[in-house]
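What follows is a short report on a single structure.
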Amino acid sequence: MSGSSTSWDPEPPRTPCDRLSFKTVVNSPVPTVLANVKVGDCLDVVIDQSQGRKVVVVLHQGQILGSITVSGIPRLVECLDDGNSFKAEVLSIAGARCEVLVTPGNCP
């Protein structure tokens, strides 16, 4: 066998903040807030630290609708901590299930 050298990078490439985007479902939506949310609404994505730990939440008109979790949350938290803004567009609502698309930018 001939020896060949390959390098292995233990860390996967990090998605740039301005290209970070994913679909997810809002966890434990607050019923009274969800009642006022419509498909197409633009929600703010922010970090809530009121419980002593960082939780990514979506806001509808300044009220917490619920939290979001996906495999990319650590990167999203880094981007938010660095001052980047994200929005969550409501894609669908079925009962208490609210699916959103999180993308960089601000709500109009």
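List of remarks:
- The stretch 86-108 - residue that is small (Gly, Ala, Ser) and under 19 Å from residue 47 (Cβ atoms) and, of those, surrounded by the fewest Cβ atoms within 10 Å (Cβ to Cβ): 105
- Boolean, residue 103 is at pLDDT 95 or above and farther than 16 Å from residue 21 by Cβ: no
- Some residue of the stretch 55-66 being out of contact with any Phe, Trp or Tyr (no Cβ under 7 Å at 6 or more places or on another chain), under 16 Å from residue 22 (Cα atoms) and of a type outside the set (A, V, I, L, M): no
- Residue identified as touching a residue at least 60 places away in the same chain (Cβ under 8 Å) and in contact with an Asp or Glu (Cβ under 7 Å, 6 or more places away or on another chain) among 102, 55, 25, 37: 25
- Candidate set: the stretch 35-70, residues that are charged (D, E, K, R) and assigned to a strand (DSSP E or B); chosen: the one least open to solvent (accessible area, probe 1.4 Å): 48
- Restricting the stretch 61-75 to residues that are hydrophobic (A, V, I, L, M, F, W, C) and at pLDDT 95 or above, the residue that is nearest to the chain's Cα centre (by Cα) is 68.
- Residues that are open to solvent by 40 Å² or more (accessible area, probe 1.4 Å), within 17 Å of residue 64 (Cβ to Cβ) and not small (Gly, Ala, Ser), drawn from the stretch 15-34: 25, 27, 30, 31, 32
The values are calculated or read from the model by the stated rules, or taken from the named source; none is laboratory data. If you're wondering where the values come from, they're calculated on a predicted model, not measured in any experiment. Virtual Cβ from ideal backbone geometry, glycine too; neighbours counted across all protein chains shown. Accessible surface is based on the protein model in full, side chains and every heavy atom, while ligands, DNA and RNA are left aside. Shrake-Rupley method; radii C 1.70, N 1.55, O 1.52, S 1.80 Å.
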